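Have a look at the structure below, then the notes.
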Amino acid sequence: MKLENDLLLRAANGEKTERTPVWVMRQAGRILKEYRAVRGKLSGFIELVQTPDLAAEVTIQPVDILGVDAAIIFSDILVVPEAMGLPYTMEEGVGPFFPKTVKSETDLNKLKTADEDSLGYVIDAIKVTKKELNGRVPLIGFAGAPWTIFCYMIEGKGSKTFSNARKSLYKDPAFAHKLLDKIADSTINYLKGQISAGADIVQVFDSWAGILPTEQYDNFSLKYISKIANAITEVPVIVFAKGAYGSRKTIGEIDCDVVGLDWNMDIVESRDLIGPRKTLQGNLDPATLYADFNTIKSETRKMIDQFGKSRHIANLGHGVYPDMDVEKVKCFIDEVKEYSSNL
Ligand code: CP3
């Protein structure tokens with residue numbers, strides 16, 4: 001089906017656009033009262049993720065309410081470990097928890113490689129969403145990067161340091177590579193399933209990129225992101241590696257179309273390191289949205305001036321925070337649209 005608004009896809013492919021497309025990481029779920037109303041009818045987050053009609057409804061809410069140029073499927077990066085044999089729970093106000101983690105080679109050997117149909121509920125949610133979006137905007141599919149998923153599979157929950165995961169890179173690098181490769185293969189299959197179901201573009205989130213030194217990051221994370229980017233040939237690929245300052249040049253050499261920048265990555269320096277052939281995504285400091293409306297507008301304009309009019313997808317430098325005012329998020333989105341239309 002032809003899309004009514006394909007700005008995001010054209011920008012990802014490096015084509016000219018009338019204005020800069022904009023969406024917001026974690027736009028579905030965190031800030032909308034309409035989301036909480038839907039979620040309140042169920043036992044919790046996981047049931048919502050596993051109910052395709054309702055997952056589709058909350059995926060589309062930000063398109064209607066915020067006016068973003070793309071929807072991102074409502075799910076979580078932690079469904080991949082689940083598909084591999086490690087189910088999780090989501091504790092209200094605490095975060096994810098895995099009763100079983102990967103502690104040994106035996107545990108690793110017991111894990112499955114997820115296939116294209118392992119996460120049927122996500123695939124069904126994508127199909128329903130595509131139907132209901134009816135071509136209004138593109139749909140973004142996503143997965144966690146193998147390194148970030150590895151962190152949760154080893155640690156079993158969130159952590160400030162992920163020191164058990166980091167320990168394993170020093171103690172048993174062969175084991176780490178074997179697990180990372182199994183996650184990468186599962187992720188490739190999962191993303192291909194999302195694409196077959198209708199995802200128009202996919203993003204790989206490496207939320208814990210920033211905790212590794214550069215050499216280890218290239219060796220234990222980028223290697224597998226690169227494997228994924230090489231395998232996904234059907235649609236554009238966005239790589240968002242939060243905190244991977246030392247690896248921006250190397251990320252620029254990966255076979256992806258878009259590189260996400262976090263808010264600490266200098267825009268001009270990043271463009272220089274990454275080169276002219278990738279689209280950049282980002283990177284307003286999310287905390288800017290705590291400021292007054294005029295500050296949000298002027299900081300947004302400053303960001304757009306630095307990126308320039310082409311090869312840019314506007315976004316925050318990481319996800320929107322749960323306590324942010326919807327009107328402030330809208331102010332950012334509206335300013336991107338208005339200011340970039342007149343450039
Ligand atoms: O972007 C979107 O709006 C689509 C949905 C989406 C969710 N999680 C829904 C969610 C996406 C893209 C994610 C990605 C995700 N999940 C990441 C990578 C992005 C990032 O922020 O760095 C990570 C690290 C996770 C793991 C995760 N999921 C954590 C640590 C938590 C608890 C804290 C939090 O973020 O709220 C979750 C839960 C989660 N995932 C919620 C939502 C809407 C909140 C659950 C609830 O409604 O109670």
(request) Assess whether residue 198 counts as being touching a residue at least 24 places away in the same chain (Cβ under 8 Å), away from the ligand (no atom under 13 Å from the Cβ), in contact with a Lys or Arg (Cβ under 8 Å, 6 or more places away or on another chain) and more than 24 Å from residue 104 (Cα to Cα). (result) yes
(message) Consider the range 286-295. How many of its residues are surrounded by fewer than 22 Cβ atoms within 10 Å (Cβ to Cβ) and of a type in the set (A, V, I, L, M)?
(response) 2
(request) Only residues in the range 20-49 that are hydroxyl-bearing (Ser, Thr, Tyr) count as the first member; pair them with residues that are open to solvent by 60 Å² or more (accessible area, probe 1.4 Å) and more than 9 Å from the ligand (Cβ to nearest atom), Cβ under 6 angstrom, at least 6 apart or cross-chain, and list the lot. (result) none
(message) Filter the range 88-136 down to the residues that are at pLDDT below 95 and acidic (Asp, Glu) and list them by number.
(response) 91, 92, 115, 116, 117
(request) Kindly list the number of the only condition in (1) more than 15 Å from the ligand (Cβ to nearest atom); (2) closer than 20 Å to residue 318 by Cβ; (3) in contact with a Leu (Cβ under 8 Å, 6 or more places away or on another chain) that fails for residue 221. (result) (1)
(message) For the range 208-232, give me the residue count where each residue is touching a strand residue (DSSP E or B) at 6+ places or on another chain (Cβ under 9 Å) and surrounded by fewer than 19 Cβ atoms within 10 Å (Cβ to Cβ).
(response) 1
(request) May I ask you to list the residues in the range 315-343 that are closer than 18 Å to residue 70 by Cβ and not in a helix (DSSP H, G or I)? (result) 315, 316, 317, 318, 319, 320
(message) Can you confirm whether residue 85 is farther than 30 Å from residue 303 by Cα and within 11 Å of the ligand (Cβ to nearest atom)?
(response) no
(request) Return the total of residues in the range 313-333 being within 24 Å of residue 268 (Cα to Cα) and either open to solvent by 60 Å² or more (accessible area, probe 1.4 Å) or touching a strand residue (DSSP E or B) at 6+ places or on another chain (Cβ under 6 Å) (or both). (result) 6
(request) Within the range 1-56, count every residue that is within 19 Å of residue 137 (Cα to Cα) and not in a helix (DSSP H, G or I). (result) 23
(message) Could you check the range 292-343 and list, in sequence order, the residues that are over 16 Å from residue 24 (Cβ atoms), in contact (Cβ under 8 Å) with a residue 40 or more places away in the chain and small (Gly, Ala, Ser)?
(response) 310, 341
(request) Considering only the range 303-312, state which residues are charged (D, E, K, R), at pLDDT 95 or above and either within 16 Å of the ligand (Cβ to nearest atom) or surrounded by 14 or more Cβ atoms within 10 Å (Cβ to Cβ) (or both). (result) 311
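The values are calculated or read from the model by the stated rules, or taken from the named source; none is laboratory data. Bear in mind that the values here come from a model prediction, so they are computed numbers and not experimental data. With ideal geometry, Cβ positions are generated from the backbone for all residues, glycine too; neighbour counts draw on all protein chains shown. To get the accessible areas, we keep the full protein, side chains included, count just its heavy atoms, and leave off ligands, DNA and RNA. Shrake-Rupley method; radii C 1.70, N 1.55, O 1.52, S 1.80 Å.
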